[in-house]
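Step one of this worksheet: look at the structure below.
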Amino acid sequence: MRAVLGLSLATVLVLIASCSDQTNPASTTPVVTPEEDAGTDGPADETSTVTGDPTKGILLEGTVLGESGPFEGQVLTLPDGTIGCAEPGKACEAEPQAAGVARVTIDGVISPGLIDTHNHILFDIFDNSDWLPKQLYQNHDDWTKDTNEPRYTVMVDVKQCLEDASQGKPVWCPTKFDGTGNLKCEMEKWGEMKGLAAGTTSIVGLPGTGLPCYQSLARTIDTQFNDLETDKVQTAAITPSKATADGVCANYASGKTAAYLIHVGEGLDAKALDEFTKLGTITTTPGCLYAPQTAITHGTAFTATEFAAMKAKDMKLTWSPASNMALYGATTNIPLALDNGLTVSLAPDWSMGGSQNMLDELRFAKQHSDTKWGGRLKSQDLVTMATKNAAIVLGLSDRIGTIKKGMLADIFAVRGARAAPYDTIVSASAKDVALTMVGGKVLYGDTSFRAVGAGGAACEDFDSCGTPKFLCVAEPGKTTDKLNQTYAQVHDILEAALKDIDVARPQAIGGNFAPVTPVVGCSVK
Ligand SMILES: [Zn+2]
């Protein structure tokens, strides 16, 4: 989707890169005692083992998706949040830094964390039950019209109300959500939880101005609260003004911006296609946004001409097939983009017609390729789109997206067949995620791994479609910026707010927005 509110969101959807002093402190989780001691060849849910002290680091064992392909081996994560070793066999446990670390055995696949390069995270409190397009469209400007999709307009009103948006708030919005009563932190965290539960460690969420409450959970990678030292990612959901576009070009020249993710060509008609030309002509220096730092989100209307022009300037592409199919009945011609040599990432856009998480989007993309493109996209291609390519799109491939020594320990693991590891990832749903780790901190996983949960006793029980998990949301000792909120508290706050809204808003259009959409929806399409 895009251009959810035109002018009113222009100020919040265009983020200015800025520096950050966020650090990635070592976990202070208590020492762990041994639990099970099963082997790695029994039933998947009975084979986890945890021993050792996670404050010294974590040694993961299983089938690793390494830089050069899968191997049976180990990954050592260090207290500084980086990967200290990723090697076949038992080599990592011989490292001096492995002494006394927690050992976690995964009967499944250990993958780079999924990187979501296209989401609208404040909408993640909604799903298909709140709004779906009534018909197919040719252009993004059509379904955002109130006359075509009145329920969409109401849904946007609800979001603007709860986040206390500077513009576009409905007149019926209760004053309790004004100022410090706004729920932007809770809404944003909800989206991050949806990501974590599906192995996602970084999210481009276009959440507007960064807030300190974003610094927990997954990396809010397009804000300064990304747990990196800098933020060099800018985004735009609408065609920028000339001044803004010129500013992006200046940031390219100065090195301030390493990635500019902009919605272009969403739709099927000539108007959507023409947005690519506009991108080249809107700047004072023509074509300065045709540059390696520019990543086109969508490109649904693009032909070989646009893809060739993108390749000539080493531009990147982000593909969101589920959302495209729901709104337009067609999606970007990825085989053509690949024939032109483009680097492509895959991301869900949002939940309403799109996917609720990256794993759902991977499955959707595979099915689309199998049925429409003769199976052109293999599971490995798709996993690469969701990890390494996504890191390239963000200009962060030296930090995330690959499991190798020196990279950030952003990792997730899935239970399942080890002989075909990429297929295991692509066929997985959220309940299959055994563990999600951001910067070496385990924030989500099977209950058998709870001993390595970064929040210690503050981690909570979580049910993922019948599979018991833990989820670490509250950060022990953090009493400011809502960082001590638990999953249960965030849930209850959002649920109560949506109930309030359902009473406060005009009832003429559509049903209730409460309850809040689940972190993991179990009726996966
Ligand atoms: Zn979008």
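The values are calculated or read from the model by the stated rules, or taken from the named source; none is laboratory data. The structure presented is a predicted model; accordingly, all values stated were derived computationally and were not measured. Using ideal geometry, Cβ is built from the backbone for each residue, glycine included, and neighbour counts are taken over all protein chains shown.
In the set 480, 436, which member is closer than 28 Å to residue 79 by Cβ and not in a loop (DSSP other than H, G, I, E, B)? Working first, answer last.
Values: 480 fails: not in a loop (DSSP other than H, G, I, E, B).
So the residue among 480, 436 that is closer than 28 Å to residue 79 by Cβ and not in a loop (DSSP other than H, G, I, E, B) is 436.
The residues in region 134-179 that are at pLDDT 95 or above, farther than 30 Å from residue 273 by Cα and hydroxyl-bearing (Ser, Thr, Tyr) can be counted, and the count is 1. Scanning region 272-298 for residues that are aliphatic (A, V, I, L, M) and in contact with a strand residue (DSSP E or B) (Cβ under 6 Å, 6 or more places away or on another chain) yields a total of 4.
Name the single residue that is farthest from the ligand (Cβ to nearest atom) among those in region 116-130 being hydrophobic (A, V, I, L, M, F, W, C) and either within 20 Å of residue 362 (Cβ to Cβ) or surrounded by 24 or more Cβ atoms within 10 Å (Cβ to Cβ) (or both). Of everything passing the filter in region 116-130, 125 is farthest from the ligand (Cβ to nearest atom).
Only one of these is within 23 Å of residue 480 (Cβ to Cβ) and either within 16 Å of the ligand (Cβ to nearest atom) or touching a helix residue (DSSP H, G or I) at 6+ places or on another chain (Cβ under 9 Å) (or both): 202, 241, 216. Name it. If you could, list the steps in order and put the result at the bottom.
On the way: 202 fails: within 23 Å of residue 480 (Cβ to Cβ); 241 fails: within 23 Å of residue 480 (Cβ to Cβ).
The conditions single out 216.
Within region 248-267, is even one residue more than 18 Å from residue 293 (Cα to Cα) and either touching a strand residue (DSSP E or B) at 6+ places or on another chain (Cβ under 9 Å) or away from the ligand (no atom under 16 Å from the Cβ) (or both)? Within region 248-267, one or more residues are more than 18 Å from residue 293 (Cα to Cα) and either touching a strand residue (DSSP E or B) at 6+ places or on another chain (Cβ under 9 Å) or away from the ligand (no atom under 16 Å from the Cβ) (or both). Only residues that are under 22 Å from the mean Cα position of the chain (by Cα) and exposed (fewer than 14 other Cβ atoms within 10 Å of the Cβ) were counted in region 486-522, giving 1. Examine region 193-209 for a residue that is of a type outside the set (Phe, Trp, Tyr), on the phi > 0 side of the Ramachandran plot, surrounded by 22 or more Cβ atoms within 10 Å (Cβ to Cβ) and in contact with a His (Cβ under 6 Å, 6 or more places away or on another chain), and state whether such a residue exists. Within region 193-209, one or more residues are of a type outside the set (Phe, Trp, Tyr), on the phi > 0 side of the Ramachandran plot, surrounded by 22 or more Cβ atoms within 10 Å (Cβ to Cβ) and in contact with a His (Cβ under 6 Å, 6 or more places away or on another chain).
Name the residue that is nearest to residue 423 (Cα to Cα), counting only residues in region 49-104 that are polar (S, T, N, Q) and part of a strand (DSSP E or B). Only one residue fits best here, namely 63. Here the strands (runs of 3 or more DSSP E) wholly within region 292-394 that include at least 1 residues being within 15 Å of the ligand (Cβ to nearest atom), modelled with pLDDT of 95 or more and under 24 Å from residue 432 (Cβ atoms) are 316-319, 344-346. Quick check on region 199-206. Is at least one of its residues modelled with pLDDT under 95 and part of a strand (DSSP E or B)? No, the conditions are met nowhere in region 199-206. Out of 257, 284, 239, one residue alone is closer than 29 Å to residue 210 by Cβ, modelled with pLDDT under 95 and assigned to a loop (DSSP other than H, G, I, E, B). It is 239.
Suppose the filter is free of Cβ contacts under 8 Å to residues at least 40 places away in the same chain, closer than 30 Å to residue 304 by Cα and not basic (Lys, Arg); does residue 350 pass it? No; evaluated as a whole, the condition is false for this residue. Figure legend. Inter-residue proximity from region 289-311: first residues more than 22 Å from residue 120 (Cβ to Cβ), second residues crowded, with 17+ Cβ neighbours inside 10 Å and basic (Lys, Arg), beta-carbon distance below 9 Å, spacing 6+ or different chains. Indicated pairs: 292/316; 310/316. So is residue 442 in a loop (DSSP other than H, G, I, E, B), in contact with a helix residue (DSSP H, G or I) (Cβ under 7 Å, 6 or more places away or on another chain) and modelled with pLDDT of 95 or more or not? So residue 442 does not fit the description; no.
All conditions in (1) out of contact with any Leu (no Cβ under 8 Å at 6 or more places or on another chain); (2) buried (at least 22 other Cβ atoms within 10 Å of the Cβ); (3) of a type in the set (Ser, Thr, Tyr) hold for residue 77, with the sole exception of (1).
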